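Notes for the one structure printed next.
The values are calculated or read from the model by the stated rules, or taken from the named source; none is laboratory data. The structure displayed is predicted, hence computed values, not measured ones. Neighbour counts are summed over all protein chains in view; Cβ atoms, including those assigned to glycine, are modelled from backbone coordinates with ideal geometry.
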Amino acid sequence: MINIIISIIVYFFLIILQFVIPKYMPFNIWMLYPNFILMFVVYTALNKGIMKGQLTGFFYGLTWDVLSTDIFGVRTLSFTIAGYLAGSFNKKLNKNQPLTQIIVMAIGLIITHLILNVVYLILPESETVFVQSFELSYLMIFNIIVNIVLAPLIFKIFLFIDKIFIEN
């Protein structure tokens, strides 16, 4: 029962962290802030396997799609695929090494950004599709750098939460 309560608290905390806090950050001009939800999806998949990674990616992606104005289903698809790919490394790599976390997080970020770019090219929301595509591609590099630099630290925080609350 306590695991479910802690999971719900973590869920709402991550949603607030992803959607509310970036609106009030002073350096939000370039829209460079960590993707905490994707970090959690990759962390869960890397530590708990393919199925938990896919389910986490699906539910967090679905929540993102419901709360945003993007094309519905894009985040659900991309986070589910990222969860699957990260989960496939579960037993093959040392998941506690920062380099492994950085590489798997970079793979997840690249996959999600590629899916976003492809979907925006296929289903443009406006006539400025080339501008949007360029912005996504241009910001993708900086976004990946910000996320992979923070990934080992955030993974340690998630591991601490797992050890203190979930496993006891």
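For region 38-79, enumerate the residues that are charged (D, E, K, R) and part of a helix (DSSP H, G or I). Correct list: K48, K52, D65, R75. With respect to being under 15 Å from F158 (Cβ atoms) and either of a type in the set (S, T, N, Q) or at pLDDT below 95 (or both), I4 falls outside the description. Candidates in region 80-101 are the residues that are outside any helix (DSSP H, G or I) and out of contact with any Lys or Arg (no Cβ under 8 Å at 6 or more places or on another chain); of these, the one that is modelled with the highest pLDDT is S88.
Whenever a residue of region 33-55 is over 21 Å from N96 (Cβ atoms), its partners that are polar (S, T, N, Q), lying with C-beta atoms within less than 7 angstrom and at least six residues away or across chains, give the pairs N35/N147; I37/Q18; Q54/T80. One residue stands out in region 119-168 among those that are acidic (D, E) and within 30 Å of I9 (Cα to Cα): the one that is modelled with the highest pLDDT, namely D162.
Condition check for V66 on (1) under 29 Å from Y24 (Cα atoms); (2) surrounded by 24 or more Cβ atoms within 10 Å (Cβ to Cβ); (3) among the aliphatic types (A, V, I, L, M): one failure, at (2). For region 60-68, the criterion of being on the phi > 0 side of the Ramachandran plot, at pLDDT below 95 and in contact with a Gly (Cβ under 7 Å, 6 or more places away or on another chain) is satisfied by no residue at all. Only a single criterion out of (1) charged (D, E, K, R); (2) surrounded by 13 or more Cβ atoms within 10 Å (Cβ to Cβ); (3) out of contact with any Leu (no Cβ under 9 Å at 6 or more places or on another chain) is not satisfied by K91, namely (2). Looking only at region 6-26, decide whether some residue is on the phi < 0 side of the Ramachandran plot, outside any helix (DSSP H, G or I), among the small types (G, A, S) and surrounded by fewer than 16 Cβ atoms within 10 Å (Cβ to Cβ). Checked against the condition, which is being on the phi < 0 side of the Ramachandran plot, outside any helix (DSSP H, G or I), among the small types (G, A, S) and surrounded by fewer than 16 Cβ atoms within 10 Å (Cβ to Cβ), region 6-26 yields no hits at all. Selection of first residues in region 90-102 that are within 13 Å of V42 (Cα to Cα) and of second residues that are assigned to a loop (DSSP other than H, G, I, E, B), restricted to Cβ pairs under 9 Å at least 6 apart or on distinct chains, gives the following pairs, ordered by first then second residue: N90/G49; K95/F89; T100/F89; T100/L93; T100/N94; Q101/K95. Test T112 against the criterion of being modelled with pLDDT of 90 or more, farther than 19 Å from I15 by Cβ and touching a Phe, Trp or Tyr at 6+ places or on another chain (Cβ under 8 Å), and give yes or no. No; evaluated as a whole, the condition is false for this residue. Name, by its number, the condition in (1) in contact (Cβ under 8 Å) with a residue 24 or more places away in the chain; (2) more than 11 Å from the chain's Cα centre (by Cα) that does not hold for F72. All conditions pass for F72, except number (1).
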